[in-house]
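Below is one structure, written out as structure tokens; the observations come after it.
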Amino acid sequence: MSKGTITKVSGPLVIADGMRDANMYDVVRVSDERLIGEIIEMHEDRASIQVYEETSGLGTGTAVESTGEPLSVELGPGLITTIYDGIQRPLEKIMAQTGNNLKRGIEVPSLDREKKWHFVPKVAEGDKVVPGDIIGVVQETEVVEHRIMIPPRSKGGVVKSIKEGDFVVTDIVATLDNGEEIGLMQKWPVRVGRPYAKKIDPDMPLVTGQRVVDALFPLAKGGCAAIPGPFGSGKTVTQHQLAKWADAEIVVYIGCGERGNEMTDVLNEFPELIDPHTGKSLMERTVLIANTSDMPVAAREASVYTGITIAEYFRDMGYSVALMADSTSRWAEALREMSGRLEEMPGEEGYPAYLGSRIAQFYERAGRVVSLGSDEREGALSAIGAVSPPGGDISEPVSQATLRIVKVYWGLDAALAYKRHFPAINWLTSYSLYADKLGKWFNGNVADDWTDLRTKMMTLLSEEAELDEIVKMVGMDALSDPDRLKMEAARSIREDFLHQVAFDPVDTYSSPKKMHYMMTLVVSFYENSAEALAKGASIKDIIDLPVREAIGRFKYIKEDDIDAEFEKIMARLNSELADALNKEEDY
């Protein structure tokens, strides 16, 4: 254990001499208040420390003590439903001790040391176990079974003793023949990715129930996505929707430097929301990391690493995990501030030159994997990061560094948000590099014409953008009838399909089957109308078809009634188009 003294304090950066025996990324305790910090640079015996708490009042000559251990998180029963700060301190426990004011240097265990958990063994004495093997389970919440695993750095061996019963997280539940003791809890350094047996090609979608995402720009399980957008365009609401409805068994939500009211929304909403997959509260499968903008800047970096390490731990159990980071721009701002205080050579716009590699290291920890262990279970960690470029300018360094890594880009558009079109994901600038691969899954599991319908819709939307330029110059009357029909069909796609009301109890989530029906309706309207138009039907009669309102309102039909309603609307569409054609022939 190394002890030194402070020679300089510059905001969250503290310089200490006499730290010769300390190592990079060691956790240190600063002053008598025992503020938590982490060594981020070493020059001989001089350590540069980023302090994760308020440093006002610190002076030179104050003692600094290294713990000799890297910044680590406690992993075990009790993670789910808990609200942590950026360095995994349970905020509710702290509030019970100190009230509403967060005291500096307070030490509260991350996992409750008093609560007892009922442990049920899954292996017997004499069984051979290897790192990653599940030796038993604890029912953490009604919907999450917490699987107790042999730690990745264990040597493994033969189970000498194991017992069922009620234990606290620090108790030993099993011993191996080599003397190793296995408890309910393990620790893992946050900057090191947890190991796995092998990575799997991501070829299954993370179904989110959001039509613009699943139908046009799908994300694979184990994939990475970015949501850049200007202030007010709906980044946070989009992430809330994905956290609520994504087909993931565990949700880890990181509020990284966001406003306190946005985290408050999460804390108020999630416990009340009924999870469609389980029928229980959404908080029963959620871990929250609440790092708000008024908390110390340096803790933003810790919060993203803390969140992804917890997510990897549940992935190793064989769960599909969705990680939301809102927003990585605030983390980058913290890196920029620390880099400036360290007097490093700045890169573009003052960000450190290593910004791209840090963001890449974070997103690379996502993936669909075969976990360690003899049972070869499969887990997935999907990472979705919001980016907040100033003024929505995605040419800035954080957006560009993110886009070089992620495979899905959901570009939020201020113009769409001002028109109250939500989700405000721009269909002309967004993309998904998983679309072709996942199209095969949708074709095989939902409907064999899924990819064909998606292509037709994307074509209509891009042609509408071209025609819109002509309309702006010379007016709608200058367009030919087929082009006017294209404009109407594209409007139907935008307003009836892509527009989705997050606060409507029915429209907030659409199953892939319902999405396919809606895609079929809007594409059938266009194709059947184009055929009627070619046979002499009037464009005005087609545009005024009463069935168009029924197509628009299909999104509000409950899942139980969609089959009958779809058949009814398709029959009406064909009947009304036939009537429009007969009307012209009568003339």
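The values are calculated or read from the model by the stated rules, or taken from the named source; none is laboratory data. Since the structure is predicted, the reported quantities are computational estimates derived from the model, not experimental observations. Every residue, glycine among them, receives a Cβ derived from its backbone with ideal geometry; neighbour counts consider all protein chains shown. Ligands, DNA and RNA are stripped out before the accessible areas are found, and what is left, the full protein with its side chains, is counted by its heavy atoms. Shrake-Rupley method; radii C 1.70, N 1.55, O 1.52, S 1.80 Å.
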Point-charge dipole on Cβ atoms (K/R +1, D/E -1) for the chain, about Cα centre, debye to 20
1140 debye
Could you state the number of Å between the C-alpha centres of the stretch 34-113 and the stretch 509-546?
59 Å
With every protein chain left in place, what is the accessible area of Asp177 in Å² (1.4 Å probe, nearest 10)?
100 Å²
Everything considered on the Cα gyration tensor (a ≥ b ≥ c; rounded for a/c under 1.5, else prolate if a/b is larger than b/c, else oblate), the stretch 287-439 must be described as oblate
Dipole check, the chain, charges on Cβ (K,R +1; D,E -1), about Cα centroid: among Leu416, Pro70, Gly340 the Cα furthest to the positive pole belongs to Pro70
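Quick one: work out the % antiparallel among DSSP beta bridges in the chain, nearest 5.
Details: 63 of 92 bridges.
The answer is about 70 percent antiparallel.
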Between Asn23 and Glu348, the FRET efficiency computed from the C-beta separation at R0 = 22 Å comes out, to the nearest 0.05, as 0.10
I'm checking a number: the convex hull volume of the Cα atoms of the chain, normalised per residue, in Å³. What is it?
155 Å³
Classify the stretch 164-314 from the C-alpha gyration tensor, please: rounded if a/c falls under 1.5, else prolate or oblate depending on whether a/b exceeds b/c.
prolate
Extension reserve of the Ala360-Gln139 stretch, reckoned as 0.36 nm per residue once the Cα distance is removed
76.1 nm
Segment Lys583-Ala197, extension gain: residue separation times 0.36 nm, minus the distance between their alpha carbons
132.2 nm
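With a ≥ b ≥ c the root eigenvalues of the C-alpha gyration tensor of the stretch 385-524, is it rounded (a/c under 1.5), prolate (a/b larger than b/c) or oblate? Walk me through the numbers before you get to the answer.
Details: a/c = 1.58, a/b = 1.09, b/c = 1.45.
Oblate shape, in that a/c is at least 1.5 and b/c is the bigger or equal ratio.
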Env charge @ Asp275, Cβ radius under 14 Å, K,R +1 / D,E -1, value -3
Taking a crude spin-label model, label points 7 Å out from Cα along the C-beta direction, the Lys513 to Arg572 distance in nm is 2.1 nm
Count of Lys pairs (Cα-Cα under 18 Å; at least 8 positions apart or interchain) in the stretch 125-223
6
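What number in nm² do you get for the stretch 182-267 if you take the convex hull of its Cα atoms and divide its surface by four? Don't jump to the answer; show the numbers that get you there.
Details: hull surface 34.0 nm².
In nm², the orientation-averaged hull projection of the stretch 182-267 is 8.5.
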Length added when fully stretched, Met42-Glu565, from 0.36 nm per residue minus Cα-Cα
181.5 nm
Whole-Å distance, taken between Cα centres, linking the stretch 126-156 and the stretch 266-310
24 Å
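Can you give me the convex hull volume of the Cα atoms of the stretch 112-221, divided per residue and expressed in Å³?
Details: hull volume 17.3 nm³, N = 110.
Cα-based convex hull of the stretch 112-221, divided per residue, equals 158 Å³.
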Please work out the Cα center distance from the stretch 171-189 to the stretch 190-259, rounded to the nearest Å.
33 Å
How many Å³ per residue does the convex hull of the Cα positions in the stretch 304-383 occupy?
89 Å³
Can you give me the distance in nm between label points at Asp481 and Lys116, each placed 7 Å from the Cα along the Cα-to-Cβ direction?
8.1 nm
Take each complete run of DSSP H in the chain, measure how far its Cα atoms stretch along the helix's own axis, and keep only those covering 30 Å or more with mean Kyte-Doolittle hydropathy at least -1.0; list them.
450-474, 512-534, 562-586
In nm, to one decimal, how far is the Asp171 label point from the Thr455 one, both placed 7 Å along Cα→Cβ?
6.1 nm
So what is the calculated 222 nm ellipticity per residue for the chain, using -39500 (n - 2.57) for each DSSP H run with n of 4 or more, over all residues, to the nearest 500 deg cm²/dmol?
-10000 deg cm²/dmol
Pop the C-beta distance of Glu378 and Lys419 into the FRET formula with R0 = 51 Å and round what comes out to the nearest 0.05.
0.75
Zone of Glu466's modelled label, taken as backbone nitrogen in the stretch 406-449 under 17 Å from a point 7 Å along Cα→Cβ
428-429
